[in-house]
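Visitor: Have a look at this one before I ask anything.
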Amino acid sequence: FLAAASVFGALLEDARLAFEVMRRAIVECSDDEAILRALVDYGRAGGFEDDLDRVLAERFEASFDAKAARALQSERADLLYSRGKFSEAADAYHRLVSLEPDNEPAKVRHRECLVRAERYQDLLVTLGQALRRLGPVPRRVELLRDVANTWEGGLNDRAEALDAWKAVLAAAPGDTEASAAVERLADARTRRTVAPPPSTSTAPAAPGTL
């Protein structure tokens, strides 16, 4: 398969035929890393990203080999990310993380895609799940900070953001960013609380209207 694809791709300069050869090869040898790499390379180089996406998704669903499934899903997630399809990429990285719970780069990319897709509620759920799995370690502070930034910058909910920044400050008392955020949001809340009520006085009647 690889030799045939090389003939079509390099010697005959027929990228479509080379890609089709690798499409057939991956059906029969989905656990072969070299064939998967060639399929992705020919698909990307030839501009067949839509077809490549479908093939990767189909082979992932059909795969009974855990290692092959992880490799297929990783390639598909990276493909979707590179194409700017961040919502779909987020779902793909989520499935990849479910297969590889210790894959930290995939977790980071998953959260990034949720932000880029403006799926802030899903991001909060993801961060909450990550926090529940962590103990009092430095990484926990970073996740709490992500929660606070999501409430403030993504959802524009100052009340929730204030509570979230307080949680950061409780976990890291010397955190200057959290201290500044708590002070800023608390001041904004105070100003809204003490703002004078709108005037109810009526303007004097114009001359000649009495």
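Visitor: Just to check I understand the Karplus step: with θ = phi - 60° and J = 6.51 cos²θ - 1.76 cosθ + 1.60, what whole-Hz values come out for segment 55-63, glycine and proline as x?
Guide: 5, 4, 5, 5, 6, 5, 5, 8, 6
Visitor: Something else: Restricting to Cα pairs below 8 Å that are 6+ residues apart, what does the relative contact order work out to for segment 130-194? Please round to a whole percent.
Guide: Values: 50 pairs, mean separation 15.9, N = 65.
After rounding, I find 24 percent.
Visitor: Name the residues whose placed amide hydrogens come within less than 5 Å of the amide hydrogen of Ser63, ignoring near sequence neighbours (fewer than 5 apart) on the same chain.
Guide: For Ser63, no residues qualify.
Visitor: Another question, if that's okay. Which FRET efficiency, nearest 0.05, do Arg133 and Ala170 yield, Cβ-Cβ r, R0 22 Å?
Guide: Details: r = 19 Å, r/R0 = 0.87.
With a Förster radius of 22 Å, E is 0.70.
Visitor: While we're looking at this one, here's another question. Hey, what's segment 112-175 come to in accessible area per residue, 1.4 Å probe, Å²?
Guide: 54 Å²
Visitor: While we're on this one: Carbon and sulfur atoms: what percent of the 1.4 Å accessible area of segment 98-186 do they account for?
Guide: Summing carbon and sulfur atoms, their accessible area is 52 percent of the total for segment 98-186.
Visitor: Among the aspartates and glutamates, which have Cα under 14 Å from the Cα of Lys67 when same-chain residues fewer than 8 positions away are ignored?
Guide: Lys67 reaches Asp31, Asp32, Glu33, Glu75, Glu100.
Visitor: A further question follows. Classify segment 76-154 as rounded, prolate or oblate, taking a ≥ b ≥ c as the square roots of the eigenvalues of its Cα gyration tensor: rounded when a/c is under 1.5, otherwise prolate if a/b is larger than b/c and oblate if not.
Guide: Oblate.
Visitor: Further question: Output ³J(HN,Hα) for segment 112-120: one whole-Hz value per residue in order, computed from phi by the Karplus curve 6.51 cos²θ - 1.76 cosθ + 1.60 with θ = phi - 60°, and x for Gly and Pro.
Guide: 4, 5, 4, 5, 5, 8, 6, 9, 5
Visitor: So, one more: For segment 25-34, in order, what is each residue's ³J(HN,Hα) by Karplus, 6.51 cos²θ - 1.76 cosθ + 1.60 with θ = phi - 60°, in whole Hz (x at glycine and Pro)?
Guide: With coefficients 6.51, -1.76 and 1.60, one gets 5, 5, 5, 8, 9, 5, 9, 8, 5, 5 Hz.
Visitor: Rounded to the nearest 10 Å², what accessible area does Lys85 show when all protein chains are kept and the probe is 1.4 Å?
Guide: 70 Å²
Visitor: Apply 1/(1 + (r/R0)^6) to the Cβ-Cβ distance of Arg191 and Val125, taking R0 = 45 Å, and write down the FRET efficiency to the nearest 0.05.
Guide: 0.90
Visitor: If you don't mind, there's one more thing I want to ask. Using the Cα centre as the reference, give the magnitude of the dipole from point charges on the C-beta atoms of segment 25-126 (Lys, Arg: +1; Asp, Glu: -1; all else neutral), rounded to the nearest 20 debye.
Guide: In total the dipole reaches around 360 debye.
The values are calculated or read from the model by the stated rules, or taken from the named source; none is laboratory data. Everything numeric here is computed off the predicted structure, so don't read it as measured data. Here Cβ is always computed from backbone atoms with ideal geometry, including for glycine, and neighbour counts include all displayed protein chains. Each accessible area value is taken on the protein alone, full model and side chains, heavy atoms only, with ligands, DNA and RNA left out. Shrake-Rupley method; radii C 1.70, N 1.55, O 1.52, S 1.80 Å.
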